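The values are calculated or read from the model by the stated rules, or taken from the named source; none is laboratory data. Quick caveat: nothing in here was measured; it's all calculated off a predicted structure. Here the Cβ positions follow ideal geometry from the backbone for every residue, glycine too, while neighbour counts run over all protein chains shown.
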Amino acid sequence: MSQLLQLTDDADKAVHGDAQRVLAEQVHDYGDSGPALWLIDEANVRDPLELMTAVRQQPSPAAYLQPILLLTAKGGQSSLSCRAADGAVSPESFDSSHWLSHFADLQRWIAELPDPNETDGQTSMRVLRHLASRHLSIEPMMTAQMPSGFVYPPLLPYFGGAAIGTLEILQFLETQQFLEAEFSASAYLCFHCRSAFLAFEETCKQCESADLDIQELVHHFRCGHVAPIDEYRNDDKLSCGKCGRDLKHIGVDYDKPSLIYHCRSCDHRFQEADVRTTCFACGRRTAPENQHRETINRFRLTPLGDNAARFGVESLFTHLLERDIGLVPWSVFQRFVHIEQSRIKRFGKTRSTLLFLSIDNMEQIYAQLGARAVELFEALSSVMAGIVRDTDVVTSREERFYLFLLAETGLENAEVPRERLISRLTEVMSANLSANPRLESHLLELTEDVDLEAQLQSMASRPRD
């Protein structure tokens, strides 16, 4: 039976019916407590999306996939918060037994995962599992509340309530054939910051000023005179300055074939103005054709994506490393290390070194580059392939930690490939990402008492920026 939990940001606010009050900072205490239905009363919280984020940022699918129901006076209307939740209902209409039954299929889907309490480190996998568990096709929503202009509301809590990275993750999943895209809309975004809020203005061809006076040109049929409409104005009527006749009926006496621009800054007159766009967010100014045209798609899960969501998927980078440097499973790596430790213990002459490498911003690659992440992963794999020797053994953990067993290599000699590896990885990542790569490495002489798990735990527990 699912627990009924009401999420709030104020310990003094009343909760609905039999629900148990939970503050945002207490959400992690309920991660392993079994099925739950989270309630959020929109009228009694500052930011519903912030509270949804507290649930969706939990580590395991058994926690972050739990359903969220929004209690709102809007009664299911299409606001951002309503569409980000798994459902919306007015507090007066809420029936706990109905909604617990409504989410029974979702709870069964979560329970049938091979290990629902295992940590999901990749946002891409979280997104995939959210869509699969709800049999959901994801639709873009046009909104002025987010800089991108379009959002996918149910996914916002996975990205901290912001739209940054959402589209790139969806595009990446499409390249892996986990999602299928269908055109929904197109939009022009700022070439620099990807904001959808652009001001369009006509400017002078000569001095680029936007201080323009725009008038209609009038063509008098009888005498062929063409001039700005101001030159025809005579009190409350139009009169031709060339022949003196009055112009009474458009289409009979005259027409208005085009416009004429007069720049108040430089006095230049012209018939076609240039157009410039200015971004409201970053202030950068350029011609419209230089802005980024983005196709906004709706996405639905493919059979391959559904299978990956249920049973997991090998990371793309791991697959490339297996191809390029013969990356081995963790259990095989442990066996190699154990054999090397046995040799050291028996003969006392072997000198081998362990190289520990962590790459903390792998998720940023998916979020920032989207479909182009494949190219960067190819480049990173190529860097490692150029440094790893045939006698070295390499493995990975959680797509963040990479361990190298450098056989018959002492600490001093191991420093050379370590420096080359960090230098080349930093160079490639810096050239492709907006933020500096977060790489950490250290060398450890292999002795018979080295504990691999303890070393990894030590690296994982270090603060991350």
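For (1) assigned to a helix (DSSP H, G or I); (2) out of contact with any Leu (no Cβ under 8 Å at 6 or more places or on another chain); (3) touching a residue at least 24 places away in the same chain (Cβ under 8 Å), each residue gets a yes or a no:
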residue: LEU304; (1), (2), (3): yes, yes, yes
residue: ASN307; (1), (2), (3): yes, yes, no
residue: HIS319; (1), (2), (3): yes, yes, no
residue: GLU322; (1), (2), (3): yes, yes, no
residue: VAL328; (1), (2), (3): no, yes, yes
residue: SER331; (1), (2), (3): yes, yes, no
residue: VAL337; (1), (2), (3): yes, no, yes
residue: ARG343; (1), (2), (3): yes, yes, no
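Quick check, is THR426 without any contact (Cβ under 8 Å) to a residue 40 or more places away in the chain, surrounded by fewer than 16 Cβ atoms within 10 Å (Cβ to Cβ), of a type in the set (Ser, Thr, Tyr) and closer than 26 Å to GLU340 by Cβ?
No; evaluated as a whole, the condition is false for this residue.
Would you check which residues across the stretch 228-273 are more than 26 Å from CYS204 (Cβ to Cβ), not acidic (Asp, Glu) and not in a loop (DSSP other than H, G, I, E, B) and list them?
ASN234, LYS237, LEU238, SER239, LEU247, ILE250, TYR254
One residue is enough: does the stretch 404-424 have a residue meeting the conditions under 13 Å from SER358 (Cβ atoms) and at pLDDT below 90?
No: the stretch 404-424 contains no residue that is under 13 Å from SER358 (Cβ atoms) and at pLDDT below 90.
Return the total of residues in the stretch 65-80 being modelled with pLDDT of 90 or more and in a helix (DSSP H, G or I).
Residues that pass the stated criteria total 0.
Does ALA385 count as closer than 27 Å to LEU167 by Cα, surrounded by fewer than 20 Cβ atoms within 10 Å (Cβ to Cβ) and of a type in the set (Gly, Ala, Ser)?
no
Among the residues of the stretch 1-52, which ones are in contact with an Asp or Glu (Cβ under 9 Å, 6 or more places away or on another chain), under 18 Å from LEU80 (Cα atoms) and not hydrophobic (A, V, I, L, M, F, W, C)?
Once the filter is applied, which keeps residues that are in contact with an Asp or Glu (Cβ under 9 Å, 6 or more places away or on another chain), under 18 Å from LEU80 (Cα atoms) and not hydrophobic (A, V, I, L, M, F, W, C), the stretch 1-52 yields ASN44, ARG46, ASP47, PRO48, GLU50.
All but one of (1) at pLDDT 90 or above; (2) of a type outside the set (Lys, Arg); (3) surrounded by fewer than 21 Cβ atoms within 10 Å (Cβ to Cβ); (4) over 21 Å from HIS28 (Cα atoms) hold for LEU106; state the number of the condition that does not hold.
So LEU106 meets the others, but not (4).
Out of the stretch 27-55, which residues are over 15 Å from LYS13 (Cα atoms), over 26 Å from the mean Cα position of the chain (by Cα) and either surrounded by fewer than 20 Cβ atoms within 10 Å (Cβ to Cβ) or touching a residue at least 60 places away in the same chain (Cβ under 8 Å) (or both)?
Across the stretch 27-55, the qualifying residues are ASP29, TYR30, ASP32, SER33, GLY34, PRO35, LEU37.
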